[in-house]
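Below is one structure; the comments refer to it alone.
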Amino acid sequence: MTPRILAIDTTTEFGSLALVCGSQVVEELLLHARDGFGHVLYPHLETLLARHGWDLADIDCYAAASGPGSFTGIRVGLSAAKGLAEAMARPVVAVSNLQAVAWFGNTALRATVLDARRGEVYAAVYAASLKLVAPEVVTKFPAWLASLPEGDLEFLSTDFTPFRAGLAGTRFEHALVTEVPRALAGAVGQIAAERFAVGHALDPASIDANYVRRSDAELFWKD
C-alpha cells in the first residue's frame with residue numbers, strides 16, 4: 001500500500017502543512033503566523049485532514065522540519081509530529097530545512113542558504129542525491145562563499161535577495177540562483193516518504209531538533 005505522510009514545518013513565520021501519498025503531494029498548505037504556530041497549528045491540521053478524508057490512523061509516518069530556524073518554531077513542529085506519532089504508534093522522520101530547500105534544485109551541487117539574522121546565514125551544500133557535500137553551518141555569507149567546493153554550484157533559498165549582492169566579484173557572480181517556495185512541508189514530506197520506504201523512519205523519542213547554533217539564552221548566559 002502507498003504510504004501516507006503528514007509533514008509539518010513551523011520553523012519560520014511562514015510555516016506549512018502537507019499531505020503526501022507515496023511520491024505525490026496531495027495538498028500543501030502555506031501558513032503565516034508572526035506570533036507562532038502553537039495556537040493555530042492543530043485547527044489547520046484538522047481542516048486539512050478532513051478535506052481529504054484522512055484520519056490520523058491513516059498516517060503511516062509523520063515528518064517535521066527540524067531546523068535550522070526559529071527555536072520556538074522548531075520545537076512546536078517537532079513536538080506536534082512526535083506527539084501524534086507517539087499517540088498513533090507511528091515512526092517519525094526529521095528533515096533539515098536546508099535539505100528541503102535542496103530538494104528543489106536541478107544541478108549536481110546545490111548550495112542552500114537561509115537568513116539566520118545577526119548578519120549570518122544557515123548554509124550547506126548538497127549533492128543531487130541530497131547527501132551533504134559541505135556541512136550545515138551558521139556563519140557570515142562571505143566566509144561561507146570562501147569555503148565552498150570547486151565546481152558549478154546552484155544557489156537555492158526561499159529568498160535570495162539579501163545575498164545576491166554578495167556574489168558580485170566572486171567566482172560565483174554568474175552562478176545559477178533558484179528561489180524556492182516558502183512552503184517546505186511538501187519537500188519535507190517527499191524526503192520523509194523516501195526514507196520511510198527504505199526503513200529509515202525513527203522512533204519519536206529519538207528525534208531531535210537541528211538548531212545548528214545555540215539559543216539566545218545560551219549566548220547571553222555565556223556573555
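The values are calculated or read from the model by the stated rules, or taken from the named source; none is laboratory data. Keep in mind the model is a prediction, meaning the values are calculated, not measured. Virtual Cβ from ideal backbone geometry, glycine too; neighbours counted across all protein chains shown. The protein model used for the area step is the full one, side chains on, heavy atoms only, and it has no ligands, DNA or RNA in it. Shrake-Rupley method; radii C 1.70, N 1.55, O 1.52, S 1.80 Å.
For this structure, a couple of remarks:
- Largest GNM mean-square fluctuation among Ala127, Ala18, Ala100, using the chain with Cα springs under 10 Å: Ala127.
- Once backbone amide H atoms are built at 1.01 Å from N, Leu202 has Val92, Val93 as its partners under 5 Å, excluding neighbours fewer than 5 places away on the same chain.
- Rolling a 1.4 Å probe over the protein heavy atoms gives the chain an accessible area of 48 Å² per residue.
- Both radii were evaluated on the Cα set of the range 65-171; the Rg over Rh quotient, with Rh as the Kirkwood radius, amounts to 1.04.
- Mean shadow area of the range 40-79 over all directions, Cα convex hull, nm²: 3.2 nm²
- Using a probe radius of 1.4 angstrom, the carbon and sulfur fraction of the accessible surface of the chain is 54%.
- Most to least packed among 153-161, 199-207 [average Cβ atoms within 10 Å]: 153-161, 199-207
- Potential extension, Thr72-Thr170 segment - 0.36 nm per residue separation minus Cα distance: 31.7 nm
- Between Leu78, Leu145, Leu19, the GNM of the chain built on Cα springs shorter than 10 angstrom shows Leu145 fluctuating the most.
- The string of couplings for the range 73-89 from the Karplus curve (6.51, -1.76, 1.60, θ = phi - 60°) is x, 4, 5, 4, x, 5, 4, 5, 5, 5, x, 5, 5, 5, 5, 9, 6 Hz, one whole number per residue in order, with x for Gly and Pro.
- For the range 103-110, 3J(HN,Hα) computed residue by residue from phi via the Karplus equation (6.51, -1.76, 1.60; θ = phi - 60°) reads 3, 7, x, 10, 10, 6, 10, 10 Hz, glycine and proline entered as x.
- The residue list Val20, Tyr42, Leu98 was ranked by how far each Cα lies along the charge dipole of the chain toward its positive end, using unit charges on Cβ atoms, and Leu98 comes out on top.
- Amide H contacts for Ala175 (H built 1.01 Å from N in the peptide plane; partners 5 or more residues away or on another chain; cut-off under 5 Å): none found.
- Springs join every pair of Cα atoms under 10 Å in this Gaussian network model of the chain, and among Ala193, Ala87, Ala116 the largest mean-square fluctuation is at Ala87.
- Taking amide hydrogens as placed 1.01 Å from N in the peptide plane, the amide H of Val26 sits under 5 Å from those of Leu19, Val20, Cys21, each at least 5 positions away in sequence or on another chain.
- Hypothetical label at Glu150: residues of the range 125-139 whose amide nitrogen lies under 20 Å (7 Å Cα-Cβ projection): 125-128, 133-135
- Per-residue HN-Hα couplings for the range 192-206 [Karplus 6.51, -1.76, 1.60; θ = phi - 60°; Hz; x = Gly/Pro]: 4, 4, 5, 5, 4, 5, 9, x, 9, 6, 10, 5, x, 5, 8
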